[in-house]
Amino acid sequence: MISTEQATELLSSHSISLKKKAMPLLDAMGMYIAEPVLAGVAVPPFDNSAMDGYAFSWADFNPQKPMKITGEIPAGETGAMFLEKGCAMRIFTGAMVPEGADTVVMQEKTRSEAGFVWIEDEKLQQGGNVRKAGSQSACGDVLLQSGQKLTPGAMGLLASAGVSSVSVWEIPSVSVVVTGNEIVAPGKTLLPGQVYECNSYSLLSALSQLGIRANLFYASDTETDLHHRLEIALETSDLVLVTGGVSVGDYDLVVPTLKALGVDCVFHRLKQKPAKPLYFGTKGEKRIFGLPGNPASVITCWYAWIRPYLLSAMDVPLQAVFQQAKLTCDYRQKPGLTHFVKAYLQSGTVAVLTGQESYRMDAFANANCFIKTEADTEDLKAGEMVQIILFE
């Protein structure tokens, strides 16, 4: 049995290898950037009006005198426009500010009559209501770094800068293998000794948040069936997640079956709670996690180990996952194991939730983070800063 620190080092030295792929921007929503994305043009590409109003030169402005209106500039006008000295031009939101003008007054702060306009905005300053060329980004600026996720906002940012394709990390192929004779699909009638299977629901949902759609296999607690399912999963996937059967009981057949299939064990059993029997192995470039069958242990392994492992492979800074917060209550534990404590983070403070047992999922339904306590921790006091692992 090894420490969580040792496990972290071993995972870092056996990272999963992902390829880069160029994709049309619209097809890449939700994926992670693999190379820095540069702006193709300045944004805005020209000085433009933030308002419907009148464009004029501040140097010519006299609040006591009207300005002659010499033209109109709608959005999308591409011809060169020049403003005569001492005059103003009607302009609309997004339209190019004419040469010779540097300020726009909003329509509601003016009075026009007989081809002249009076400016009645006491708070207006030079350059007001003008969006300067390049004020968002200059041509060649880095818009997104490697490891950033393509959110709707990021998609709009890239499109506004003329980006039509991006280099992203390819999604790994993943298989989830759920084991156990006692599990039954939700919706069916339970017989004595059976429980509803929920691990696939947790893992498939968690994987989908990273844009991964996984293959799902069910295996009974027999050597033949387990060997067959794991063999298919290994042949077809970059990453295999197995739930159940990784401890040392008579029906815990996953570890010896993986060995028979040529998987090399990197570690098995960690000094942690829950999910002490966690397994990690490799077969060539393929990676395998064996998770305990208890449902809270499964999702603990996802947030504490598998999700950071995948995010790290896509250059996502893990500072976004591991943070600190102030504890709202005392927490006691027996030293010797690293604890992952289901908790709720709000406004910089974090509270321990009830229902920490590995068979219970009610706390997970309300948790948005873990409190991670080190193995030598015995007492934590309210008000202390603690390490947390965010779920989003």
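Some points to look at:
- A single entry from V246, V242 fulfils the requirement of being surrounded by 16 or more Cβ atoms within 10 Å (Cβ to Cβ), of a type outside the set (G, A, S) and part of a loop (DSSP other than H, G, I, E, B): V246.
- Residue match in the range 259-266 (condition: touching a helix residue (DSSP H, G or I) at 6+ places or on another chain (Cβ under 7 Å), surrounded by 20 or more Cβ atoms within 10 Å (Cβ to Cβ) and assigned to a loop (DSSP other than H, G, I, E, B)): no
- Out of E72, E108, E99, sole residue that is in contact with a Lys or Arg (Cβ under 7 Å, 6 or more places away or on another chain), more than 30 Å from L310 (Cβ to Cβ) and acidic (D, E): E72
- Scanning the range 300-337 for residues that are within 25 Å of T282 (Cβ to Cβ) and in contact with a Cys (Cβ under 9 Å, 6 or more places away or on another chain) gives a single hit, Y303.
- In the range 131-138, the condition of being loosely packed, with under 15 Cβ neighbours inside 10 Å, under 31 Å from the mean Cα position of the chain (by Cα) and of a type in the set (A, V, I, L, M, F, W, C) is met by at least one residue.
- Residue check for V117: in a strand (DSSP E or B), touching a residue at least 60 places away in the same chain (Cβ under 8 Å) and of a type in the set (A, V, I, L, M): yes
- Residues of the range 25-40 satisfying the condition of being of a type in the set (D, E, K, R) and in contact (Cβ under 8 Å) with a residue 12 or more places away in the chain: E35
- For the range 267-311, taking the residues that are under 17 Å from T4 (Cα atoms) and among the small types (G, A, S), the one that is surrounded by the most Cβ atoms within 10 Å (Cβ to Cβ) is identified as G290.
- Scanning the range 41-73 for residues that are of a type in the set (A, V, I, L, M) and either within 17 Å of K123 (Cα to Cα) or in contact (Cβ under 8 Å) with a residue 40 or more places away in the chain (or both) yields V41, A42, V43, A50, M51, A55, A59, M67, I69.
- Residue match in the range 187-200 (condition: in contact with a Ser or Thr (Cβ under 7 Å, 6 or more places away or on another chain), of a type outside the set (A, V, I, L, M) and without any contact (Cβ under 8 Å) to a residue 40 or more places away in the chain): no
- In the range 154-173, the qualifying residues are those that are surrounded by 19 or more Cβ atoms within 10 Å (Cβ to Cβ) and without any contact (Cβ under 8 Å) to a residue 24 or more places away in the chain, and the one that is farthest from K19 (Cα to Cα) is L157.
- Residues of the range 312-332 classified as crowded, with 17+ Cβ neighbours inside 10 Å and among the polar types (S, T, N, Q), total: 1
Coordinate-derived values only; no laboratory data. Fair warning: this is a prediction, and the values are worked out from it, not measured in the lab. Please note: Cβ atoms are built from the backbone with ideal geometry, for glycine as well, and neighbour counts cover all protein chains shown.
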